[in-house]
Amino acid sequence: MVHRRLMEVVTVLTGGVSFEQAEKYLPHVSALRRGRIAKKRGSEDKLLSLTAGLLLSLEISGRTGIPRDKIRYTHGSYGKPYLEDGGLYFSLSHTAGAVCAAFSDEENGVDIERRGRRVSERIRSRILSGNEQPLVRTGEDLLRIWVQKEAFLKRLGTGIADDLRGADTTLMHDTAAFDCGEYLLGVSGRGAASADIRVMGLAELLARYDSFIQ
């Protein structure tokens, strides 16, 4: 019998740390990511991208034993990232003030959105299936369905569809939504409903890096 690891989702809250404070960690992310960070204009976007790179590097190395500077990525036809060495699947998402990543032995997807974000009513008809329509009474109900759909499509690795009605959350047995303080998480993949959800501050993540560097 093959033992499968529980899906884990790690969320990093970036509040309280500026990009200027964190930029000394740039050498610890890939050259490709450093290039992407350099092209971003806003310091918040730079910080989110740097946080994503550091989180992936630390968590992947800890789970696979691959040295952080030896981690290599490849990409699917729609841009979904994979480890070249295989064996561990991951998905990444970010929004204002937070970055999250899901890790498991099989394909997965994750999406995070800040509570209170408005999903335009204009596109509501393109989001909700007939089964989902009666379930939505508030903007948060709509956002909860939205994050699950995005997570599901990211798991498939086919990109975000123009018409999301075909991804019906009432028929998904491997996709779930979680409350995470100021945020909502959508998680898709085997064991999503029982995923281990972990939250830390960026200061804690950087402290973990410091312990490895010293």
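The values are calculated or read from the model by the stated rules, or taken from the named source; none is laboratory data. All figures in this text were calculated on a predicted structure; none of them were measured in a lab. Cβ coordinates were reconstructed from backbone atoms using ideal geometry, including for glycine residues, and neighbour counts include every protein chain displayed.
For Ile60, work out the one condition from (1) closer than 16 Å to Asp105 by Cβ; (2) part of a strand (DSSP E or B); (3) not polar (S, T, N, Q) it doesn't fulfil.
Among (1) closer than 16 Å to Asp105 by Cβ; (2) part of a strand (DSSP E or B); (3) not polar (S, T, N, Q), Ile60 violates only (2).
Specify which of the listed residues (Ser61, Ser57) is surrounded by 13 or more Cβ atoms within 10 Å (Cβ to Cβ), touching a residue at least 24 places away in the same chain (Cβ under 8 Å) and farther than 25 Å from Thr158 by Cβ.
Only one candidate passes the filter, namely Ser57.
Of the residues Tyr73, Tyr82, only one is of a type in the set (Phe, Trp, Tyr) and touching an Asp or Glu at 6+ places or on another chain (Cβ under 7 Å); which?
Tyr73
For Leu55, work out the one condition from (1) part of a loop (DSSP other than H, G, I, E, B); (2) within 17 Å of the chain's Cα centre (by Cα) it doesn't fulfil.
With respect to (1) part of a loop (DSSP other than H, G, I, E, B); (2) within 17 Å of the chain's Cα centre (by Cα), Leu55 is out only on (1).
Within the range 1-30, track down each residue that is free of Cβ contacts under 8 Å to residues at least 40 places away in the same chain and part of a loop (DSSP other than H, G, I, E, B).
Met1, Val2, His3, Ser18, Val29
For the range 2-20, indicate whether the set of residues that are surrounded by fewer than 17 Cβ atoms within 10 Å (Cβ to Cβ), over 19 Å from Leu205 (Cα atoms) and under 19 Å from the mean Cα position of the chain (by Cα) is non-empty.
Taking every residue of the range 2-20 in turn, at least one turns out to be surrounded by fewer than 17 Cβ atoms within 10 Å (Cβ to Cβ), over 19 Å from Leu205 (Cα atoms) and under 19 Å from the mean Cα position of the chain (by Cα).
Would the range 120-143 turn up any residue that is within 30 Å of Ser18 (Cα to Cα) and either in contact with a Phe, Trp or Tyr (Cβ under 9 Å, 6 or more places away or on another chain) or outside any helix (DSSP H, G or I) (or both)?
Looking for residues that are within 30 Å of Ser18 (Cα to Cα) and either in contact with a Phe, Trp or Tyr (Cβ under 9 Å, 6 or more places away or on another chain) or outside any helix (DSSP H, G or I) (or both), one finds none in the range 120-143, hence no.
Given (1) touching a Gly at 6+ places or on another chain (Cβ under 7 Å); (2) not hydroxyl-bearing (Ser, Thr, Tyr); (3) not in a helix (DSSP H, G or I), identify the lone condition not met by Arg33.
Tallying (1) touching a Gly at 6+ places or on another chain (Cβ under 7 Å); (2) not hydroxyl-bearing (Ser, Thr, Tyr); (3) not in a helix (DSSP H, G or I), Arg33 fails exactly one: (3).
Does the range 184-204 contain any residue that is basic (Lys, Arg) and either assigned to a helix (DSSP H, G or I) or touching a helix residue (DSSP H, G or I) at 6+ places or on another chain (Cβ under 6 Å) (or both)?
For the range 184-204, residues basic (Lys, Arg) and either assigned to a helix (DSSP H, G or I) or touching a helix residue (DSSP H, G or I) at 6+ places or on another chain (Cβ under 6 Å) (or both): absent.
Would it be correct to say that Gly79 is over 13 Å from the mean Cα position of the chain (by Cα), under 17 Å from Arg144 (Cα atoms) and either modelled with pLDDT under 95 or not in a strand (DSSP E or B) (or both)?
no
Only one of Ala98, Ala52 is at pLDDT 95 or above, surrounded by 20 or more Cβ atoms within 10 Å (Cβ to Cβ) and either touching a Phe, Trp or Tyr at 6+ places or on another chain (Cβ under 8 Å) or of a type in the set (Lys, Arg) (or both); which?
Exactly one residue qualifies, and that residue is Ala98.
Residues checked against (1) farther than 22 Å from Tyr78 by Cα; (2) touching a helix residue (DSSP H, G or I) at 6+ places or on another chain (Cβ under 8 Å):
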position: Arg122; (1), (2): yes, no
position: Leu135; (1), (2): yes, yes
position: Ile145; (1), (2): yes, yes
position: Leu156; (1), (2): no, no
position: Arg165; (1), (2): no, yes
position: Thr170; (1), (2): yes, yes
position: Phe178; (1), (2): yes, no
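Right, Arg72: over 30 Å from Arg118 (Cα atoms), surrounded by fewer than 20 Cβ atoms within 10 Å (Cβ to Cβ) and more than 19 Å from the chain's Cα centre (by Cα) or not?
Spelling it out, it is not the case that Arg72 is over 30 Å from Arg118 (Cα atoms), surrounded by fewer than 20 Cβ atoms within 10 Å (Cβ to Cβ) and more than 19 Å from the chain's Cα centre (by Cα).
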